[in-house]
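The values are calculated or read from the model by the stated rules, or taken from the named source; none is laboratory data. Predicted, not measured: the structure shown is a model, and the values here were computed from it. Glycine also receives a Cβ, built like all others from the backbone with ideal geometry; neighbour counts cover every protein chain displayed.
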């Protein structure tokens, strides 16, 4: 607990030149080119790349509650502490259409 206090004091000190980039994920996928909690000097540029798992797609980046769009690779300049969330969404399932042709010339369609 004492170590946590000193780390927080150091990072939040007015004299500190280090900033934090916290990376979170929603859905199933990975973020490449980062350490889970990155500490870096002011002005450092960090490049992040989103890679969805099978059955998912990359939807967007959210930096400090603001959408940055849906480019899979982005660059962030650490000018303050930031939290970024990468959002992955599940791909829609393919739907099967089953058509039954009945003997009295009626067609019945079922969506699965």
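For the reader, a short list of remarks on this structure follows.
This table checks each residue for (1) touching a helix residue (DSSP H, G or I) at 6+ places or on another chain (Cβ under 6 Å); (2) within 11 Å of residue 84 (Cα to Cα); (3) part of a loop (DSSP other than H, G, I, E, B); (4) modelled with pLDDT under 75.
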site	(1), (2), (3), (4)
5	no, no, no, yes
9	no, no, no, yes
14	no, no, yes, yes
21	no, yes, no, no
25	no, yes, no, no
30	no, no, no, no
35	no, no, yes, yes
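- Restricting attention to region 52-65, the residues being surrounded by fewer than 14 Cβ atoms within 10 Å (Cβ to Cβ) and closer than 14 Å to residue 23 by Cα number 2.
- Region 61-72, residues that are part of a strand (DSSP E or B) and at negative phi: 61, 62, 63, 66, 67, 68
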